[in-house]
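Asker: My structure is below; once you've seen it, I'll send some questions.
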Amino acid sequence: MNNQDPKAASPANGDDARPMSTIERVSLTLPRRYGKERRFRLFGFSAIVVSLLFLVLLLGSICSKGYTAFQQTRIRLDVFFDPAQLDVKNLASANYAGLVRDAVFALFPEVESRQDKRLVAKLASGGAAYDLQRMVMDRPDLIGSTQSLWLLADDEVDMFLKGHIPREVPESERRVSDKQIVWIDHLVASDRLEKRFNTVFFTAGDSREPELAGIRGAAMGSFYTLVVTLLLSFPIGVAAAVYLEEFAPKNNWTDLIEVNINNLAAIPSIVFGLLGLAVFLNFMNLPRSASTVGGLVLTLMTLPTIIIASRASLKSVPPSIREAALGVGASKMQTIAHHVLPLAMPGMMTGAIIGMARALGETAPLLMIGMVAFIVDVPQGFSDPATVLPVQIYLWADSPERAFVERTSAAIMVLLLVLLMMNAVAVFLRNKFERRW
Amino acid sequence: MQKISLTLATASLLIAAATTTQAADGRDYISIVGSSTVYPFSTAVAEQFGKTTKFKTPKIESTGTGGGIKLFCAGGGVDSPDIANASRQIKKTELETCAKNGVGAPVELKIGYDGIVVANSKKAEPMKLTRKELFQALAKEIPAADGSLKANPYKTWKEINPNMPDSKIEVMGPPPTSGTRDAFVELVMDAGCEEFESIKAMKKTDEKKFKAVCQTVREDGAYVEAGENDNLIVQKLEANPKSLGIFGFSFLDQNTDKIQGSVIDGEAPTFDNIASGKYLVSRPLYIYVKKEHVDVIPGIKEYLGEYTSDRAMGENGYLAEKGLIPAPEKERKATAKDAKEMNAMVLK
């Protein structure tokens, strides 16, 4: 556009100065515009970099603290199943801790004083006795034999070997005394201490002893809670969405309901906990701390999310499908059940999974209904007292023992992994079944 | 599609039905609520109890003392908790609520003591404090030279006492909902407060005002409410060596390589000093047992037996290892006797 219209140039310049062409004026501002665009892109890019940095920082700190928890120090003891101490008729109440103690003493015959003996005995975990009990109850023929067993070591031995209790600081400033360090070094030198995969972490419930604490109880609690949530919130949510989208007349009432549903999706979750406390516990007298109640409360919380996602995916089914079905003589219900719902299903399931993922990470509403609790026994059903993974993380983070720090991070890693898997399933479902028109 | 939704609907109905029937039956495990300070001890006993007896492991919720007693006193039915953990004695008003809801006088068991420590990072110099100085550092209003009250002017420790370091006053501690905070206010602030003649006189004439002056913590940033998580305070102390933190003794005990307890009124917060009563900032810990439930819920008596046994709360018991300061032998015997005979507390 090389037009030299004098009117376009500034008239004040008169005839002597050649009027500026549009292209010239545009090219004058070009560097600035390019600069702006570059900065704009840079802002976006740096936002991504910053959030990635934080993510790396978060994951890095969690993983670097937590990975050690997947290993647990074990101590090899030659346990003599003393027939004098084990009465075949009364195996449940025998003194298994005594067997463990004797086996440790046998390794350190030079230890004499009573106080030192107590310290030596502490090298093995109190949980070792339970392991022995289980072994003997399963195989009473072990009695009288001597077995070389890898038993749990105490959490402080474990922390020391993993370097979480420093060796260099003065004795008064660490929980492992100089004597214990000598013993531990001796055990390591004679191949009696070894770090092994921490199976307890995945098979046990909560415990006050870090070496006996596991996430199985919390994981099962999360599982039962989510099953209840899914079974209730998915059918109810889909039914509500179908009604609102396909049947409900468009009037003030349905508008009001829609506004309320959108509003509910944004309500802080603790409010649902209070509602659950009032309705399910105080009014309906359901048991406190049970995963059913947790599931009911989380259902209330996830319902709006599922309804909104389901409505959106119903909306995205083109009207031509409905019209074609109706046109060949299908009833309204047949149209919905045979055509619209199957086509909308991937979107609904994605919404449901994302809702479930949110429910899995929730603690606040569970506080109110008593699921923030110390529960050792792994829940066996929907009405047993239970806790969930995020609550377990919270409880461990608040425990004074140092060994719980790495277990907290390890539990976070497990939770993140489960969430990642759920989101991956959502993405997979969407890509596999979604149809575009 | 229809089949799936039908199955889902039936399944959910079944679950709902199963739970309601379960609720109608009694409970076969002990339910415990209350203080987060007592929680580590009660859980340790519960675990031991669950692993060594035929009873189920008790369920323990950490709700805070006030919240726990509220639940405990809400009713006498089996759906209410059997035992409440408390880091302070039950209040008269709470007992009245209990009585109003048909809960008789509970059995009060003193399980031991807990020291409250003021600690800082090992990277800094250890502090020597008095309760008066702590009051001066943390109260919202302090008495001026003429006896009238003025807003707390102190910004650094040196301004309070020239022998102390010239660093900003920054103390991290628990929020008002915490029993540790209640006890700290009572044991440190009240005591420090009374060292001022003008306020001491006020105690006789206007007790309400006395309490307000002594127990109000400043809100200008010198006292930081760090939440109920004591581990977090320990970590923050490490990151910021100039600040002090307030928490229970067990956290100091577990982190002696990172933090050090301040000397208060000439005594360091050590196990022996707290047990002997020399260290003044310590408080008794209690559990309250609902007498009506003893014959209804299986295992309560046995649980209390384990709790009050010498191997648990005795001088070398496993609770001492968890940070509980054992009570003197005489008190322990009285507690064990109360637990055995289920003596309800005497209402005053």
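Asker: What's the number of the only condition in (1) more than 13 Å from every other protein chain (Cβ to nearest Cβ); (2) touching a residue at least 40 places away in the same chain (Cβ under 8 Å); (3) under 19 Å from B:Pro58 (Cβ atoms) that B:Lys322 fails to meet?
Answerer: In the conditions (1) more than 13 Å from every other protein chain (Cβ to nearest Cβ); (2) touching a residue at least 40 places away in the same chain (Cβ under 8 Å); (3) under 19 Å from B:Pro58 (Cβ atoms), B:Lys322 misses (1) alone.
Asker: Quick test for you: out of A:Arg174, A:Arg216, pick the one residue that is more than 15 Å from A:Thr73 (Cβ to Cβ), of a type in the set (D, E, K, R) and at pLDDT below 90.
Answerer: A:Arg174
Asker: Okay, moving on. Looking only at the range A:400-437, count how many residues are free of Cβ contacts under 8 Å to residues at least 60 places away in the same chain and touching a Lys or Arg at 6+ places or on another chain (Cβ under 9 Å).
Answerer: Qualifying residue count for the region: 1.
Asker: Here is a further query. Name the helices (runs of 4 or more DSSP H) wholly within the range B:113-201 that hold at least 2 residues that are out of contact with any strand residue (DSSP E or B) (no Cβ under 8 Å at 6 or more places or on another chain) and farther than 17 Å from B:Val263 by Cβ?
Answerer: Of the helices (runs of 4 or more DSSP H) lying wholly inside the range B:113-201, those with at least 2 residues that are out of contact with any strand residue (DSSP E or B) (no Cβ under 8 Å at 6 or more places or on another chain) and farther than 17 Å from B:Val263 by Cβ span B:157-160.
Here's the yes/no breakdown for (1) buried (at least 21 other Cβ atoms within 10 Å of the Cβ); (2) more than 9 Å from every other protein chain (Cβ to nearest Cβ):
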{"site": "A:Met284", "(1), (2)": "no, no"}
{"site": "A:Met301", "(1), (2)": "yes, yes"}
{"site": "A:Pro318", "(1), (2)": "no, yes"}
{"site": "A:Ile321", "(1), (2)": "no, yes"}
{"site": "A:Gly327", "(1), (2)": "no, yes"}
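Okay, residues lined up against (1) aromatic (Phe, Trp, Tyr); (2) at the interface with chain B (Cβ under 8 Å from one of its Cβ atoms):
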| site | (1), (2) |
| --- | --- |
| A:Pro379 | no, no |
| A:Ser383 | no, yes |
| A:Trp396 | yes, no |
| A:Met422 | no, no |
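Asker: Could you look through the range B:131-175, keep only residues that are of a type in the set (Asp, Glu) and touching a residue at least 60 places away in the same chain (Cβ under 8 Å), and pick out the one that is surrounded by the fewest Cβ atoms within 10 Å (Cβ to Cβ)?
Answerer: B:Glu141
Asker: Condition first: within 14 Å of chain A (Cβ to nearest Cβ), on the phi > 0 side of the Ramachandran plot and either surrounded by fewer than 19 Cβ atoms within 10 Å (Cβ to Cβ) or modelled with pLDDT of 85 or more (or both). Can you find one or more residues in the range B:223-241 that meet it?
Answerer: Yes, that holds for at least one residue.
Asker: Something else about it: Look at the range A:156-180 and say how many of its residues are more than 11 Å from chain B (Cβ to nearest Cβ) and in contact with a strand residue (DSSP E or B) (Cβ under 9 Å, 6 or more places away or on another chain).
Answerer: Number satisfying all stated conditions: 5.
Asker: While we're looking at this one, here's another question. Would you say B:Lys51 is modelled with pLDDT under 90, of a type in the set (Lys, Arg) and not in a loop (DSSP other than H, G, I, E, B)?
Answerer: yes
Asker: Considering only the range A:372-383, state which residues are within 21 Å of A:Leu212 (Cα to Cα) and in a loop (DSSP other than H, G, I, E, B).
Answerer: A:Val372, A:Ile375, A:Val376, A:Asp377, A:Val378, A:Pro379, A:Gln380 - these are the residues of the range A:372-383 that are within 21 Å of A:Leu212 (Cα to Cα) and in a loop (DSSP other than H, G, I, E, B).
Asker: Tally time: how many residues in the range A:159-198 are on the phi > 0 side of the Ramachandran plot and within 36 Å of the chain's Cα centre (by Cα)?
Answerer: The total comes to 1.
Asker: Of these, A:Met345, A:Met333, A:Met349, A:Met371, which one is within 14 Å of another protein chain (Cβ to nearest Cβ) and either touching a Gly at 6+ places or on another chain (Cβ under 8 Å) or within 25 Å of A:Met413 (Cβ to Cβ) (or both)?
Answerer: Every option except A:Met371 fails the conditions.
Asker: If B:Ile297 satisfies every condition in (1) closer than 30 Å to B:Tyr29 by Cβ; (2) in contact with a helix residue (DSSP H, G or I) (Cβ under 9 Å, 6 or more places away or on another chain); (3) assigned to a loop (DSSP other than H, G, I, E, B); (4) β-branched (Val, Ile, Thr) but one, which is the exception?
Answerer: Answer for B:Ile297: the failing condition is (2).
Asker: Which members of the range B:249-269 meet the condition of being more than 18 Å from B:Val234 (Cβ to Cβ) and either of a type in the set (Val, Ile, Thr) or not in a loop (DSSP other than H, G, I, E, B) (or both)?
Answerer: Correct list: B:Val263, B:Ile264, B:Glu267.
Residues checked against (1) closer than 25 Å to A:Ser190 by Cα; (2) at pLDDT below 90; (3) more than 34 Å from the chain's Cα centre (by Cα); (4) in a helix (DSSP H, G or I):
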position	(1), (2), (3), (4)
A:Tyr67	no, no, no, yes
A:Asp78	yes, no, yes, no
A:Arg101	yes, yes, yes, yes
A:Met135	no, yes, no, yes
A:Trp150	yes, no, no, no
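The values are calculated or read from the model by the stated rules, or taken from the named source; none is laboratory data. Keep in mind the model is a prediction, meaning the values are calculated, not measured. Positions of Cβ are generated from backbone atoms using ideal geometry, with glycine treated the same way; all protein chains shown enter the neighbour counts.
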